[in-house]
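Asks: Below you'll find the structure I mean.
Rule-based calculations on the coordinates, nothing more; no lab input. Bear in mind the structure is a predicted one, so any value in this text is a computation, not a measurement. All Cβ positions, glycine included, derive from the backbone under ideal geometry; neighbour counts span all protein chains shown.
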Amino acid sequence: MPPKTKKASLKQENEVADANNGTVNPGSGNGWRHKNDVRSATVSFECKTTGKRTFSLKAAELEEAERYALLDAKEMAFVVDIDGRRYYIVTQRMWQDMTEATPDSAFGVYMAFTPNKSILLDRAVLDRQETVALANRWDPAWVRTISGKSYVMVRDYSWHMLRGD
């Protein structure tokens, strides 16, 4: 990993840990005991960052992060920073648990389905959808179904509001 990317990844992990009352796992989770990058009392976070305007969200990475979280008896959150914007991605089940007391009308939901093993997250498209949602006084939420499994993606401000941070 080039130094600039490594520095950005370490910064992201520290910010996610601080924002979620968690700790960074030694070696970014490459040890045998704690996998994923960050852990809090209830959530195991896998962090990815890119300075590019797009990110390829892969089913295999989501499934691996979820498996590691379950082994640690925690929920999984996949955190992606795309060109300076932070998104949290969780399973459909975790999303339902997080929002059970929140009216459905609070969210502008954007859906995308693919039978493929990855889906492209394009910052320009996400920005346009977020602008429309916020103009309508909704929090944006993106449902991404990849290889038959649904995940929900929200911006960092929605994540912290729903988690009560």
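Asks: Along Cα→Cβ, 7 Å out, is where each label goes; now give me the distance between the ones at residue 116 and residue 11 in nm to one decimal.
Replies: 3.0
Asks: Run the simple label-point estimate for residue 160 and residue 56 please: 7 Å along Cα→C-beta, distance reported in nm.
Replies: For residue 160 paired with residue 56, the spin-label model returns 3.2 nm.
Asks: Residue farthest toward the positive end of the dipole of the chain, with Cβ of Lys/Arg at +1 and Asp/Glu at -1: which of 138, 43, 80?
Replies: Positive-most Cα among the choices belongs to 80.
Asks: A further question on this structure: Check which residues have an amide H placed less than 5 Å from residue 110's amide H, if you skip close sequence neighbours.
Replies: 141, 142, 143
Asks: Taking the Cα centre of the range 51-144 as the origin, how large is its charge dipole in debye, to the nearest 20, when only Lys and Arg (+1) and Asp and Glu (-1) carry charge on their Cβ atoms?
Replies: My answer is approximately 360 debye.
Asks: About its Cα centre, how strong a charge dipole does the chain have in debye, to the nearest 20, once Lys and Arg get +1 and Asp and Glu get -1 at the Cβ?
Replies: Approximately 560 debye in magnitude.
Asks: Pull up all non-local amide H partners of residue 118: gap of 5 or more, or a different chain, and H-to-H distance under 5 Å with H placed in the peptide plane.
Replies: 59
Asks: Then there's this: Suppose we take every Cα in the range 10-104 and form the convex hull; what volume per residue is that in Å³?
Replies: Given the Cα convex hull of the range 10-104, per-residue volume reads 116 Å³.
Asks: I would also like to ask the following. Counting DSSP beta bridges in the chain, what percent are antiparallel, to the nearest 5?
Replies: Restricted to the chain, the bridges split so that about 60 percent are antiparallel.
Asks: Considering the dipole of the chain built from charges on the beta carbon (Lys and Arg +1, Asp and Glu -1) around the Cα centre, which of 108, 19, 5 is farthest to its positive end?
Replies: Of the candidates, 5 comes out farthest on the positive side.
Asks: Taking the range 83-165, which trypsin sites (Lys or Arg not before Pro) meet the DSSP loop condition and have no more than 10 other C-beta atoms within 10 Å?
Replies: 137
Asks: Bin width 5 Å, alpha-carbon pairs only: give the P(r) of the range 87-165 as whole percents, running from 0 to the bin holding the largest distance.
Replies: Per 5 Å bin, starting at zero, the Cα-Cα P(r) for the range 87-165 comes out as 3, 15, 27, 27, 18, 9, 2, 0 percent.
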